[in-house]
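The values are calculated or read from the model by the stated rules, or taken from the named source; none is laboratory data. Model, not experiment: these values are computed from the prediction. Because the Cβ atoms are built from the backbone with ideal geometry, glycine has one as well, and the counts that use them run over all protein chains shown. Keep in mind that these areas ignore ligands, DNA and RNA; they rest on the heavy atoms of the full protein, side chains included. Shrake-Rupley method; radii C 1.70, N 1.55, O 1.52, S 1.80 Å.
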Amino acid sequence: MRSLVIWGCGGHARVVADAARAMNVFDRIAFHDDDPAIPTPSIAELSRTGFEEFIIAIGANATRALCFEEAIRAGFRLALCIHPTAWISPEASIGEGTVVMARAVVQSNARIGKNCIINTGAIVEHDCIVGDHTHLSPSVTLGGAVTVGEYVHMGIGAIAIPGSRIGDRSIIGAGAVVLREIPSDVTALGIPARVRTN
């Protein structure tokens with residue numbers, strides 16, 4: 001059996017903990033948070049007590065990425081957390097530190113990067129590429145051969161049709177439908193998804 005530290009103490013962290021418990025491979029699960037108002041063990045204390053694996057359970061991509069790098073520098077191994085009701089094709093690949101929540105689907109030849117969140121009921125179809133530190137919210141659907149960059153956040157129920165592309169660090173609003181290409185560093189909303197201009 002293994003021991004797991006969940007970095008974060010919010011609602012998302014509690015859902016990650018549920019998924020980790022459902023995997024039935026961790027005999028100990030502890031929480032760590034950087035907020036001094038939340039009394040959790042320090043990284044050093046967790047290391048001394050034999051914890052070796054980490055999952056970063058923070059929704060904000062940039063913050064999650066910083067904690068991911070800090071955990072690696074501290075010598076911890078990044079775990080995979082895949083809920084047993086998720087379907088992962090044996091031909092798919094999933095990077096270290098990624099969480100795949102209940103009822104999510106990752107199909108053949110899909111490639112998921114490091115430290116991603118594939119949230120509840122999300123669908124990643126065949127031949128998709130999802131970059132590091134990206135968050136696919138609940139019920140997001142990627143059609144076949146979609147490319148999603150790094151640090152992307154797709155809101156609840158967003159859709160990308162087959163062959164479409166989303167650039168690094170972009171935000172796709174809840175329920176939006178990506179038809180072709182969304183550039184990097186923008187927010188896109190609506191059906192079809194259009195870049196928001198202010």
Do we have any residue at all in segment 176-194 that's within 23 Å of residue 58 (Cα to Cα), open to solvent by 20 Å² or more (accessible area, probe 1.4 Å) and under 15 Å from the mean Cα position of the chain (by Cα)? no
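Taking the stated definitions as given, is residue 66 closer than 16 Å to residue 77 by Cβ and either part of a helix (DSSP H, G or I) or open to solvent by 60 Å² or more (accessible area, probe 1.4 Å) (or both)? Give the steps one after another, and end with the answer.
Working: closer than 16 Å to residue 77 by Cβ: no; either part of a helix (DSSP H, G or I) or open to solvent by 60 Å² or more (accessible area, probe 1.4 Å) (or both): yes.
So residue 66 does not fit the description; no.
This table checks each residue for (1) at pLDDT 95 or above; (2) among the small types (Gly, Ala, Ser); (3) in contact with a helix residue (DSSP H, G or I) (Cβ under 8 Å, 6 or more places away or on another chain).
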residue	(1), (2), (3)
15	yes, no, no
18	yes, no, no
21	yes, no, no
29	yes, no, yes
35	no, no, no
41	no, no, no
48	no, no, no
Go through segment 128-164 and report how many residues are farther than 22 Å from residue 15 by Cβ, of a type outside the set (S, T, N, Q) and surrounded by 19 or more Cβ atoms within 10 Å (Cβ to Cβ). 7
Selection status of residue 120, among the polar types (S, T, N, Q) and either over 15 Å from the mean Cα position of the chain (by Cα) or open to solvent by 10 Å² or more (accessible area, probe 1.4 Å) (or both): yes
